[in-house]
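Here is the structure we will look at, set down as C-alpha cells.
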Amino acid sequence: AQTVTQSQPEMSVQEAETVTLSCTYDTSENNYYLFWYKQPPSRQMILVIRQEAYKQQNATENRFSVNFQKAAKSFSLKISDSQLGDTAMYFCAFMKGYTGTASKLTFGTGTRLQVTL
Amino acid sequence: NAGVTQTPKFQVLKTGQSMTLQCAQDMNHEYMSWYRQDPGMGLRLIHYSVGAGITDQGEVPNGYNVSRSTTEDFPLRLLSAAPSQTSVYFCASSSSGAGGPFYEQYFGPGTRLTVT
C-alpha cells in the first residue's frame, strides 16, 4: 500500500515571499503520478500541479513548481511570489499509473498555508 | 458543462437513518470515486468505479454502498448512519485520456454530513 506524508500541519508566509511545502511518499511502484491539490475555504479541490514519475524534469505551473526527487521519494511544492489568494489547505496525493487506477488517489494529511500581509 | 455536481450540500441525519448522496458528471468520464474528508486525516477513498456496472472498495468502505448503472451517476448510500460517518464527502471523476488531461481528477463541491 502507498502512504503519503506531509509533516508540516501549518505554515505561514508573507505576501510576495517564497514558501516550500514538503511531501514524502512510500511506494514499491515504478509507474505513478504525484499531485498537489489546493483546498481554499470554499472547500473546492483544485489541481495545482501534476508530476509523472517517469519524467525527470520538474513540473512548473506559473508561480508553482515542484522538486521531485524520485530516489528519495520526495515531492515538495514551491510557491513563488505568494499571494493572499494562495491561503488554503494543500494536499499532496499519489496515484498508480496503470489503467483502472485513475480513480484511486492516496492523499496526505494536508498543510494549512496562511499568506499574510 | 456543469462538471461534477453533488447533492445535497449539507445534511443532518439521526443515528440509524439512511440516505443517498447524489453525484453526477457530464464529461463522459469512465472513472468515478467517493472520498471522505475528516479533520487531520486528508481525503480517504470509500468506493470507486472504472465504468458503468463496475465498482470496488477503497480504503474505508464499511457502512457505505455504491452502484453505477450509468456513466453519469454514482450515488453513495448510507444504510444506517452512525456518528462516525460525520464528515465531508467528495465525489470525483476522471478520464483515461479522451476529453481532458490524462488522469486529472475533477472534484465536486462536497457534501457536509452530520450524524447525531
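Where a number appears in this text, it was derived from the coordinates with a stated rule and is not lab data. Remember, it's a predicted structure, so these values are computed and weren't measured experimentally. Virtual Cβ from ideal backbone geometry, glycine too; neighbours counted across all protein chains shown.
Listing for the model above:
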item: Peptide B:80-93, shielding by other chains (average Cβ, 10 Å cutoff); result: 1
item: Given charges at beta-carbon only (K, R positive; D, E negative), |dipole| of segment B:1-113 in Debye; result: 460
item: Overall form of segment A:24-69 per C-alpha gyration tensor (a/c, 1.5; a/b vs b/c); result: oblate
item: Fraction of antiparallel bridges per DSSP, chain B only, in percent to nearest 5; result: 90
item: When chain A is reduced to its Cα atoms, the Kirkwood hydrodynamic radius in Å; result: 14.4
item: Dipole of the protein assembly as shown, positive direction: furthest Cα of B:L43, A:M95, A:N58, with charges on the beta-carbon; result: B:L43
item: Student exercise, chain A dipole from Lys, Arg, Asp, Glu Cβ charges, in Debye to nearest 20; result: 340
item: Inter-centroid distance (Cα atoms) of segment A:1-65 relative to segment B:34-83, Å; result: 24
item: Candidate lysines - alpha carbon under 26 Å from A:K96, same-chain residues fewer than 8 apart omitted; result: A:K38, A:K55, A:K70, A:K73, A:K78, A:K104
item: Viscosity 0.692 mPa s, temperature 37 °C, Stokes-Einstein D of the protein assembly as shown from Kirkwood C-alpha radius, µm²/s; result: 180
item: Surrounding net charge for B:T5, when Lys and Arg each add one and Asp and Glu each subtract one, Cβ distance under 13 Å; result: -2
item: Where Rh is the Kirkwood radius over Cα pairs, Rg/Rh for segment B:22-116; result: 0.97
